[in-house]
1. Does region 147-181 hold any residues that are closer than 30 Å to Ser25 by Cα and either assigned to a helix (DSSP H, G or I) or at pLDDT 90 or above (or both), and which are they?
2. Exactly one of (1) touching a residue at least 12 places away in the same chain (Cβ under 8 Å); (2) among the hydroxyl-bearing types (Ser, Thr, Tyr); (3) open to solvent by 30 Å² or more (accessible area, probe 1.4 Å) is unmet by Tyr174. Its number?
3. Counting just the residues of region 31-61 that are of a type in the set (Gly, Ala, Ser) and modelled with pLDDT of 90 or more, which one comes out least open to solvent (accessible area, probe 1.4 Å)?
4. Testing Ser57 on (1) closer than 30 Å to Lys109 by Cα; (2) not in a helix (DSSP H, G or I), one condition comes back false. Which one is that?
5. Here are some conditions: (1) open to solvent by 80 Å² or more (accessible area, probe 1.4 Å); (2) touching a Leu at 6+ places or on another chain (Cβ under 9 Å). Glu95 meets all but one. Which one does it not meet?
6. For region 199-251, which positions are assigned to a loop (DSSP other than H, G, I, E, B) and of a type in the set (Ser, Thr, Tyr)?
7. Say we look at region 98-131 and pick out the residues that are closer than 18 Å to Leu68 by Cβ and either of a type in the set (S, T, N, Q) or outside any helix (DSSP H, G or I) (or both); which of these is least open to solvent (accessible area, probe 1.4 Å)?
8. For region 215-236, give me each residue that is over 21 Å from Tyr200 (Cα atoms) and surrounded by 13 or more Cβ atoms within 10 Å (Cβ to Cβ).
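The values are calculated or read from the model by the stated rules, or taken from the named source; none is laboratory data. Treat the numbers as computed from the prediction; the structure is a model and nothing was measured. Methodologically, a virtual Cβ is constructed for each residue, glycine included, from the backbone with ideal geometry; neighbour enumeration extends over all protein chains shown. With ligands, DNA and RNA removed, areas are computed over all heavy atoms of the protein, side chains included. Shrake-Rupley method; radii C 1.70, N 1.55, O 1.52, S 1.80 Å.
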Amino acid sequence: MDVQPDYNKIITNAPIDGMLEYFVSAMKISERDYFCSPKTFVKGLFDEINNLSKQFSDDFEKQKAYYLNEINNTCSYEGVYYQLHGINKHNATEEDKQKAKEYNFQRTKEYLDRQVSEFKEVADKKEIKDQYILMLLKQVDELMKIKEDETLQLSDLIDHDNRFDIVEGIKSKYKNIGGKRLKLLLMALQELDLIPKYNYNSKFHDCCRKEFNWDIKSYQAMNDYRYSEQSDHKELESIKEHIKTLMNTKQSNTMNL
């Protein structure tokens with residue numbers, strides 16, 4: 001039987017401050033000690049949080065049912081009044097009966113007020129628990145994004161059957177590329193519809209930074225460069241032509257076979 005991380009213990013021990021960092025550390029430990037993949041770890045946390053949320057909801061519903069039953073089935077205190085004053089109910093005078101009703105009203109009101117107050121505390125605690133669940137879910141969602149960013153590769157951004165050959169060809173042909181020329185490479189990939197034109201610049205730079213074993217310069221150096229038709233057009237077209245040959249590599253090899 002496979003040993004899995006104790007997700008309940010991990011969540012229980014998670015500090016309010018620094019929760020995300022704690023989850024990142026726990027994920028790395030689980031990957032090392034239990035051979036648990038990040039995807040499995042995140043799913044395990046989500047499942048445990050859902051179990052915790054269901055437990056909170058079930059407990060609240062039980063408590064709500066208890067208080068509703070108490071409120072709807074409040075006993076009469078008239079008998080208590082007669083007993084306290086040594087009065088036989090059957091021999092009670094009209095004055096005794098009136099005082100018993102007033103006593104019953106007062107004691108019932110006090111009891112109901114207490115029950116409502118206690119239930120309000122239960123409801124307030126449930127709201128706090130719900131906020132805690134939302135905070136846990138948010139932190140695990142952030143954890144998933146961090147892991148996605150860590151594992152994302154340049155080939156994942158390129159929409160083409162030959163994406164792996166394209167990446168290797170880029171690394172070989174454009175070694176030491178960075179800054180302005182990296183921007184031209186990105187533009188070439190985008191103009192060939194290999195990488196989306198919007199919201200991918202940062203991901204592209206991050207992947208190149210992780211995978212290229214040279215200094216590609218800062219994200220600003222790449223992203224802030226403004227393309228010049230006069231001075232950059234020739235190099236951009238040259239890059240595009242080379243990428244086109246990489247796009248056709250597998251196809252050519254297959255034909256040769």
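1. Looking only at region 147-181, we keep the residues that are closer than 30 Å to Ser25 by Cα, and these are 147-157.
Result: Lys147, Glu148, Asp149, Glu150, Thr151, Leu154, Ser155, Asp156, Leu157.
2. (3)
3. Of all residues in region 31-61, those of a type in the set (Gly, Ala, Ser) come to 37, 44, 53, 57.
Within this subset, residues satisfying the condition of being modelled with pLDDT of 90 or more are 44, 53, 57.
Details: Gly44: 11, Ser53: 36, Ser57: 43 Å².
Among those that are of a type in the set (Gly, Ala, Ser) and modelled with pLDDT of 90 or more, it is Gly44.
4. Unmet for Ser57, out of (1) closer than 30 Å to Lys109 by Cα; (2) not in a helix (DSSP H, G or I): (2).
5. Of everything listed in (1) open to solvent by 80 Å² or more (accessible area, probe 1.4 Å); (2) touching a Leu at 6+ places or on another chain (Cβ under 9 Å), Glu95 misses just condition (2).
6. Filtering region 199-251 down to residues assigned to a loop (DSSP other than H, G, I, E, B) leaves 199-200, 212-218, 224-228, 248.
Result: Tyr200, Ser218, Tyr225, Tyr227, Ser228.
7. Here is the first cut: in region 98-131, the residues closer than 18 Å to Leu68 by Cβ are 108-109, 111-126.
With either of a type in the set (S, T, N, Q) or outside any helix (DSSP H, G or I) (or both) added as a condition, the list becomes 108, 115, 117.
Details: Thr108: 28, Gln115: 10, Ser117: 61 Å².
Residue satisfying both the conditions and the ranking: Gln115.
8. Those that are over 21 Å from Tyr200 (Cα atoms) and surrounded by 13 or more Cβ atoms within 10 Å (Cβ to Cβ): Asp232, Glu235.
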